[in-house]
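*Asks:* Pasting a structure below so you can have a look.
The values are calculated or read from the model by the stated rules, or taken from the named source; none is laboratory data. Since the structure is predicted, the reported quantities are computational estimates derived from the model, not experimental observations. Don't worry about glycine lacking a Cβ; one is built from the backbone with ideal geometry, like all the others, and counts go over all protein chains shown.
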Amino acid sequence: MSSNNNNNNSNSNSNSNYNKLDDKILKIEQDIETAVPFLASDEKSSNLKEAYDTISNTTAKQQQQHQIVVKPWVHFVAGGLGGMCGAIFTCPFDVVKTRLQSSVYKELYVSSTINSKSSVTNVLTHFKETCNILQSVYKNEGPRALFKGLGPSLVGVIPARSINFFTYGYSKDLLKQLDYFRGQESSFLHLLAGINAGIVTSTVTNPIWLIKTRLQLDKATKKEYKNSLDCIVKIVRKEGIFALYKGLSASYLGSVESTLQWILYEQMKSAIHLRSERHVKEGKIRTKFDDAADWFARSGAAGFAKLIASLITYPHEVVRTRLRQAPTENGKAKYTGLIQCFRLIIKEEGLASMYGGLTPHLMRTVPNSMIMFGTWEIFTKLFSKF
């Protein structure tokens, strides 16, 4: 028994010595790692320490960059500038889309695109039809006709995008303060912020969009409106002040599109950010090229999000345009409400007509979203420095 006790004590002492030795080795390794920047000459040690500091500071900045809180006014101004740039570049497609959605131009633009051919053939035919209409408008009505409604469009786009980006960003900031979200973003938070932004934007800007639609549908052979102001006066005089809010119910329905776009965009943007963080953790030093690539990726994500959202919710665009059309010659409106409009269009023209003008709509909105969100991000970073 005494021999066993002695052996146990010996083993215990040995293990204790080994543990102390391991602790000393670990301490030495830590001291060496801390002293590395200072082991060379003064000049070399200074440069080496600066390199260590630069790497650590860069990593910290990249980790904090995604968490920077942007002031509400920055969203407001940057959103308006982004919307303006997108609207100017894509206005001709907006004119074609509006005319294809309207029943007024049904006889002029007879679509042969909805048939039994393959979907690929139909897409190509839609694209050809859109180009033909652009050429026809340019030839018969002049180049200025391709930018009909641009004035009220800009008057509408700038405040609409300003309000939308401002309301969305501000709603996110407020919602994150609730105990339910605890400062964390989620798809549900993006959903609530998107709905709020869509409702506020639609309510404020509906009269502007109605005027823009009337001007774009105004035929060159029989012009009814001289300009935006003349359009407002005649609408109020003939149809009443509430006529300026025709199509508002369809606009509320359309807020689903912008909400869905925000949700998809936020998810893809988060994935791009996580990929960048993973590269940093792997020791890759970011360059300006990486920053530019991420910016293009986020802009592309905005366009792809708009594509998916538009395909899902497009019929509301057609209904909204029909509700905003001018009354017939006898003074009676053909389309009087959201449900009535849906039913009448499907009954008279078929379900396929609910997708009239889809091709020019996508040709306009997808690049428009890419330009708008890309410009918004640039100006957001620029104004955030003030």
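*Asks:* From the set of residues in the stretch 251-275 that are hydroxyl-bearing (Ser, Thr, Tyr), closer than 20 Å to GLY169 by Cβ and buried (at least 19 other Cβ atoms within 10 Å of the Cβ), which is nearest to the chain's Cα centre (by Cα)?
*Replies:* Ranking the candidates gives TYR265 first.
*Asks:* Collect the residues in the stretch 292-332 that are under 22 Å from the mean Cα position of the chain (by Cα) and of a type in the set (A, V, I, L, M), keeping them in residue-number order.
*Replies:* If the condition is that a residue be under 22 Å from the mean Cα position of the chain (by Cα) and of a type in the set (A, V, I, L, M), then ALA292, ALA293, ALA297, ALA301, ALA302, ALA305, LEU307, ILE308, ALA309, LEU311, ILE312, VAL318 are the ones that fit.
*Asks:* I would also like to ask the following. Only one residue in LEU191, LEU154 is surrounded by fewer than 22 Cβ atoms within 10 Å (Cβ to Cβ) and within 15 Å of the chain's Cα centre (by Cα), so which one is that?
*Replies:* Answer to the check: LEU191.
*Asks:* Output yes when any residue across the stretch 102-120 is under 30 Å from the mean Cα position of the chain (by Cα), under 30 Å from VAL200 (Cβ atoms) and at pLDDT below 75, and no when none is.
*Replies:* Looking for residues that are under 30 Å from the mean Cα position of the chain (by Cα), under 30 Å from VAL200 (Cβ atoms) and at pLDDT below 75, one finds at least one in the stretch 102-120, hence yes.
*Asks:* Checking ILE285 against (1) more than 14 Å from the chain's Cα centre (by Cα); (2) under 26 Å from LEU146 (Cα atoms); (3) of a type in the set (Val, Ile, Thr), only one condition comes out false. Which one?
*Replies:* So ILE285 meets the others, but not (2).
*Asks:* Which pairs turn up if I take residues in the stretch 174-188 that are among the polar types (S, T, N, Q) and look for partners that are in a loop (DSSP other than H, G, I, E, B) with beta carbon separation below 9 Å, at least 6 apart in sequence or on another chain?
*Replies:* Going by the 9 Å Cβ cut-off, the qualifying pairs are GLN177/GLY183.
*Asks:* In the stretch 358-377, how many residues are within 11 Å of the chain's Cα centre (by Cα) and more than 15 Å from VAL157 (Cβ to Cβ)?
*Replies:* Selection size over the stretch 358-377: 4.
*Asks:* Quick one: ASP179 ticks every box in (1) outside any helix (DSSP H, G or I); (2) buried (at least 21 other Cβ atoms within 10 Å of the Cβ) except a single one, so which number is it?
*Replies:* Going through the list (1) outside any helix (DSSP H, G or I); (2) buried (at least 21 other Cβ atoms within 10 Å of the Cβ), ASP179 breaks only (2).
*Asks:* Is the stretch 216-223 home to any residue that is closer than 21 Å to PRO360 by Cα, part of a helix (DSSP H, G or I) and touching a residue at least 40 places away in the same chain (Cβ under 8 Å)?
*Replies:* Looking through the stretch 216-223, at least one residue is closer than 21 Å to PRO360 by Cα, part of a helix (DSSP H, G or I) and touching a residue at least 40 places away in the same chain (Cβ under 8 Å).
Table: residues versus (1) out of contact with any Phe, Trp or Tyr (no Cβ under 7 Å at 6 or more places or on another chain); (2) surrounded by fewer than 21 Cβ atoms within 10 Å (Cβ to Cβ); (3) at positive phi.
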residue: ALA301; (1), (2), (3): no, no, no
residue: ALA305; (1), (2), (3): no, no, no
residue: LEU311; (1), (2), (3): yes, yes, no
residue: VAL318; (1), (2), (3): yes, no, no
residue: THR321; (1), (2), (3): yes, no, no
residue: LYS332; (1), (2), (3): yes, yes, no
residue: GLN340; (1), (2), (3): yes, yes, no
